[in-house]
């Protein structure tokens with residue numbers, strides 16, 4: 001199984017809502033990543049978890065809250081988002097070594113209304 | 001952070017080779033050079049990676065300059081399915097895996 005599964009595929013939420021994005025992998029990878037991608041732009045790194053610990057936060061606003069409950073699962077909790085947060089949110093995983101390739105999910109298309 | 005520089009776009013005819021350059025002049029000795037591509041409405045997909053030596057796989061070849069400050073991804077015979085944005089990324093031991101602007105490859109029948 002070389003898949004990274006993201007749910008839901010699409011999400012529409014209001015600015016006062018709380019929602020969560022989920023990412024799952026069963027490849028035994030110990031590094032997991034969240035990216036945000038706006039239309040026609042490259043993915044922007046948000047967070048990196050290494051061995052279930054948050055190792056990198058790229059100065060992401062606190063309305064985005066990541067969580068890694070175990071080595072297979074990565075969540076991104078969303079609260080009080082703004083319309084400009086609408087984007088494709090991508091999850092990736094890899095072994096925590098520079099030589100290892102990363103596997104990406106198909107993303108969650110988020111629309112904030 | 002080590003950064004990469006790529007041309008915005010490249011065009012190729014179908015079944016012709018495509019050479020995609022990437023400059024990474026601030027690369028450190030332990031950084032691996034990775035290439036990914038992203039088709040429309042999909043997540044990025046791994047293409048190839050290397051450290052110092054040239055690499056080949058079923059998708060492409062990677063040629064790395066001797067000083068490692070640049071590399072070239074070679075698609076040997078472009079097909080319409082190869083039309084995508086190609087990203088050159090440095091992956092180091094610090095854990096960051098950051099995308100550059102990428103190159104949009106257009107393949108013409």
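The test for being more than 9 Å from chain B (Cβ to nearest Cβ), touching a strand residue (DSSP E or B) at 6+ places or on another chain (Cβ under 9 Å), more than 30 Å from residue B:103 (Cβ to Cβ) and outside any strand (DSSP E or B) holds for residue A:62. Restricting attention to region A:97-113, the residues that are within 7 Å of chain B (Cβ to nearest Cβ), touching a residue at least 40 places away in the same chain (Cβ under 8 Å) and surrounded by fewer than 18 Cβ atoms within 10 Å (Cβ to Cβ) add up to 1. Condition test on residue A:27, is it part of a loop (DSSP other than H, G, I, E, B), within 14 Å of chain B (Cβ to nearest Cβ) and touching a residue at least 24 places away in the same chain (Cβ under 8 Å)? Yes.
Highlighted here are the strands (runs of 3 or more DSSP E) found entirely within region A:72-112 that include at least 3 residues which are under 30 Å from residue B:30 (Cβ atoms) and touching a strand residue (DSSP E or B) at 6+ places or on another chain (Cβ under 7 Å): A:73-79, A:87-94. Only residues that are more than 12 Å from residue B:23 (Cα to Cα), within 12 Å of chain A (Cβ to nearest Cβ) and not in a loop (DSSP other than H, G, I, E, B) were counted in region B:53-102, giving 5. Report, by residue number, each residue of region B:29-47 that is more than 10 Å from every other protein chain (Cβ to nearest Cβ), assigned to a loop (DSSP other than H, G, I, E, B) and either surrounded by 21 or more Cβ atoms within 10 Å (Cβ to Cβ) or over 15 Å from the mean Cα position of the chain (by Cα) (or both). Selection gives B:29, B:40.
Would you call residue A:51 out of contact with any helix residue (DSSP H, G or I) (no Cβ under 9 Å at 6 or more places or on another chain) and surrounded by 16 or more Cβ atoms within 10 Å (Cβ to Cβ)? Criteria not met by residue A:51. Among the residues of region B:60-80, those identified as farther than 17 Å from residue A:100 by Cβ and either without any contact (Cβ under 8 Å) to a residue 40 or more places away in the chain or in contact with a helix residue (DSSP H, G or I) (Cβ under 8 Å, 6 or more places away or on another chain) (or both) are B:60, B:61, B:63, B:64, B:65, B:66, B:67, B:75.
No lab work stands behind these numbers, since they all come straight from the coordinates. None of these values were measured; they are calculated from a predicted model. Cβ atoms come from the backbone with ideal geometry, glycine included; neighbour counts cover every protein chain shown.
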